[in-house]
Amino acid sequence: MKGRSNSGLSGMPRVDRVVQIVEATASSTLGRTALTDLVRATLSELRAACLEHGAAVPDEQAVAEAVLARARELRAQSAARVINATGVLLHTNLGRAPLSAGATRALAETAGGYSSIELDLGTGKRGRRAAAVEQMLAALTKTEAALVVNNCAAAVLLLLASVARGRSVIVSRGELVEIGGGFRVPDVMLESGARLVEVGTTNRTHLDDYARALDATPDAAAILRVHRGNFLQIGFVEQPPLSALASLARERGVSLLKDLGGGALVDLGRVGFAGEPTVEGCVRAGCSAVVFSTDKALGGPQGGALVGSAALVDRARRHPLARALRLGRLPIVALEATLTSYRSERAWLEIPILRMAGTPLDELEARAASWVRALDGRSPASLSIVPTEAAFGGGTLAGRTAPSVALAIDVSSALGAGGADALAEALRTGAPSVMAMVVSSRVMLDARTVSPDEDDALIAATRRALATAFSQQGKIEVS
Ligand SMILES: *Cc1c(COP(=O)(O)O)cnc(C)c1O
């Protein structure tokens, strides 16, 4: 066995030969150094397979193909531009909110150079990081103060640690929820050093439950209210209004903290998605502090905000975790530019997520019709425009949708039942990548989440994907 492996290994292709072969193929996009590393890694894996399992020694061509396959895998995992044709506005796997033109411009202007992120240009002295953004957030939400951190999960952790470390926090059993990505309220509470006191039941928690828990918990620092945005409870359900809970908290001298998640700064009912509480509404109801994401309904970059009373915000700011959880330089720039769109009425339609949500149905129908005209006659696929329902997504407004339209591509007559999946895969792996939905064996391209300036790219990508799906089918038939 050993002898056979050794004799085999002597025939292993040389690194430089494989590099040459890969470089000669058009599909190689790696630089020479990265490619050489990849060839070495692939060869060492293949060598190990020969030694351990007695696998046959591959020739140069086989190694080159293995290297190209690995390069494709690496490319598929990178964060590339995607056209979102899913009809889910805040698609968690697609980076949530796309940035406004203003935010993109601000990034382009500042990212490549130095910026006055912690410098007061007026005095030339050290300034507070994100001071402008925080002042804008406090003004927009009509609160005393604001603090920005890396995301909403970080804001919850920081708020609980700074308000209630070593003390108790009262939470309804109906709000011990899990948000996507492994964020679970009881676990975050534990990590913050606060003690969780559960009240009520899964479906019903009364004001009295909170009052009795406060009676029995002398070390209570706060009541935490968690927004239930990513699931629905219907039927025999009750929770006290936020304002009633705020009065109770005030009477008992504890803070009312709200994990809002969504972070709507305007009423989403104005863009067709009613029912999501706004940050200002929570503040007005009497919350001491509200935390939310800046890349959900707010429509900005990844970030988390903590707004509320100056005392609580200040405590969070001075907590040692604040430095570890701080917001990055580029999101601060993008967030500041995003927030300027909220300074005047209707200017917030500059924010893509809100503009897309509020686009009238007839405009979407006209765009879908133009896609059909551009694609028709060029493929054996059957094209139609069908009504759909678009969702807000991102863990907000579960179960609520707004009417939309999609271009439905039916390839089943030519490609059979698996044709839709093959086409969706070709769309996904194309450049630019297009994320579509497959519904009843048809590929759906929902117009609500595609920006008009992506129309040409979408049509070109769809043409290429159709050609790929049909040519693959051809190969299958031949073999
Ligand atoms: C989305 C969400 C979070 C987490 O926000 P991230 O910005 O993703 O960290 C926390 N709480 C609630 C209620 C949410 O909806």
Boolean, Thr143 is under 30 Å from Leu196 (Cα atoms) and within 16 Å of the ligand (Cβ to nearest atom): no
Complete set of residues in the range 283-298 that are within 13 Å of the ligand (Cβ to nearest atom) and farther than 29 Å from Arg329 by Cβ: none
Number of the exception - Arg329 against (1) surrounded by 21 or more Cβ atoms within 10 Å (Cβ to Cβ); (2) touching a residue at least 40 places away in the same chain (Cβ under 8 Å); (3) away from the ligand (no atom under 16 Å from the Cβ): (1)
Number of the exception - Asn203 against (1) among the polar types (S, T, N, Q); (2) surrounded by 19 or more Cβ atoms within 10 Å (Cβ to Cβ); (3) more than 26 Å from the chain's Cα centre (by Cα): (2)
Residues of the range 182-215 classified as touching a residue at least 40 places away in the same chain (Cβ under 8 Å) and not aliphatic (A, V, I, L, M), total: 1
Output for the range 299-326, where each listed residue is out of contact with any helix residue (DSSP H, G or I) (no Cβ under 7 Å at 6 or more places or on another chain) and either within 14 Å of the ligand (Cβ to nearest atom) or more than 20 Å from Leu224 (Cα to Cα) (or both): Arg318, Pro320, Arg323, Ala324, Arg326
Residue among Glu389, Glu350 that is exposed (fewer than 14 other Cβ atoms within 10 Å of the Cβ), within 25 Å of the chain's Cα centre (by Cα) and touching a residue at least 12 places away in the same chain (Cβ under 8 Å): Glu389
Selection status of Gly272, away from the ligand (no atom under 15 Å from the Cβ), out of contact with any Cys (no Cβ under 8 Å at 6 or more places or on another chain) and on the phi > 0 side of the Ramachandran plot: yes
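Determine, yes or no, whether Val254 is crowded, with 23+ Cβ neighbours inside 10 Å and in contact with a Lys or Arg (Cβ under 8 Å, 6 or more places away or on another chain).
Answer is no for this residue.
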Test set (1) assigned to a helix (DSSP H, G or I); (2) within 25 Å of Ser115 (Cβ to Cβ); (3) in contact (Cβ under 8 Å) with a residue 24 or more places away in the chain - Leu298 fails condition number: (1)
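Can you work out which of the residues in the range 254-267 that are within 14 Å of the ligand (Cβ to nearest atom) and of a type in the set (A, V, I, L, M) is nearest to Ala310 (Cα to Cα)? Can you show your working first?
Step one: list which residues in the range 254-267 are within 14 Å of the ligand (Cβ to nearest atom), which gives 257-264.
Subset that is of a type in the set (A, V, I, L, M): 257, 260, 264.
On the way: Leu257: 14, Leu260: 19, Ala264: 21 Å.
Ranking the qualifying residues of the range 254-267, first place goes to Leu257.
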Residues being modelled with pLDDT of 90 or more and part of a helix (DSSP H, G or I) - total across the range 6-19: 5
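Residue check: is Ala297 surrounded by 23 or more Cβ atoms within 10 Å (Cβ to Cβ) and under 30 Å from Asp410 (Cα atoms)?
no
The values are calculated or read from the model by the stated rules, or taken from the named source; none is laboratory data. Given the structure is predicted, the values throughout are model-derived calculations rather than measurements. Note: ideal-geometry Cβ built from the backbone for every residue, glycine included; neighbour counts use all protein chains shown.
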